[in-house]
Structures are given as structure tokens and as C-alpha cells.
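**Q** The structure's right below; bear with me while I get my questions together.
Every number here is computed from the coordinates shown, using simple stated rules; none is lab data. As the structure is a computational prediction, the values presented were derived from the model and not from experiment. Note that we place each Cβ from the backbone using ideal geometry, even for glycine, and neighbour counts take in every protein chain shown.
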Amino acid sequence: MDAQTSASLKRIKQLTDAEAHSLGITVQRILCFGSQARKDARQDGGWDLLVITDHAIERTVRLDLGRALAAQLARERLPSDILVMSADQFESRKQDVGHIAYYADKESAVLQFFREVHEL
């Protein structure tokens with residue numbers, strides 16, 4: 001992983017944890033999927049993120065977290081699309097080919113990216 005990608009992922013994690021904490025939400029993990037995870041993103045490409053929480057939270061709170069985090073990341077020149085779901089929701093949907101959790105789960109580079117970020 002190059003230094004810029006590593007720095008971006010570290011910042012994404014920091015901002016996600018801080019924003020979630022401010023809303024009383026515990027983030028279990030963050031998955032990056034799509035072109036960034038496949039390493040075929042354009043230079044101006046955004047980040048596709050799936051934020052997995054430790055427990056189910058209300059839809060409005062999930063949306064608030066996603067919007068607030070997307071705004072913060074945009075200010076840092078890290079445009080992103082963010083989805084938020086609980087660990088139970090993710091586990092129950094990751095085998096559903098018609099659900100985004102399936103694709104986030106299948107992009108194995110994602111898991112390596114965030115393992116490295118957690119170690120930083």
C-alpha cells in the first residue's frame with residue numbers, strides 16, 4: 001500500500017471513530033470497497049465505505065452519521081459514499097448477491113487495508 005493510501009485510510013478511520021463517538025455509536029469495523037479497494041481508482045476517485053456498528057441503530061442516526069462523516073471527509077478532499085449498518089445486519093446480508101454488503105465482503109483487499117490501518 002502506498003503512503004498516500006495509507007494516510008487516507010488512517011484519516012478515514014480517525015474521522016469515523018470521532019464522529020461515531022460523538023453520536024454515542026461504537027464502530028466495529030470499516031470496510032472500503034469499490035475502485036479504491038481494487039486499486040483501480042482514478043486519481044480523483046472517491047471512497048466507498050461501509051461502517052459497521054456493534055449494534056443496530058435507528059435509521060435516522062445511521063443517516064446522520066453517514067452525512068456528517070461524508071461532509072468531514074469532503075472537507076479533507078476525501079470524497080466518499082458511506083453506508084452504515086450493524087454487524088448483525090452485515091452478517092445476515094453479506095451472502096445476498098443483491099445487497100451491497102455482499103460486494104463489500106467479497107473485495108478481500110478491503111480487509112487487508114483496514115487491518116493495516118488499525119495497526120498504525
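**Q** Please return the longest range in the chain lying between exposed loop sites, taking GluC sites (Glu not before Pro), DSSP loop only, at most 14 other beta-carbon atoms within 10 Å, and leaving the sites out.
**A** Here the longest segment lacking exposed loop sites spans 1-57.
**Q** So how many Lys-Lys pairs in the chain land under 21 Å Cα to Cα, not counting same-chain pairs under 8 apart?
**A** Counting lysine pairs in the chain gives 5.
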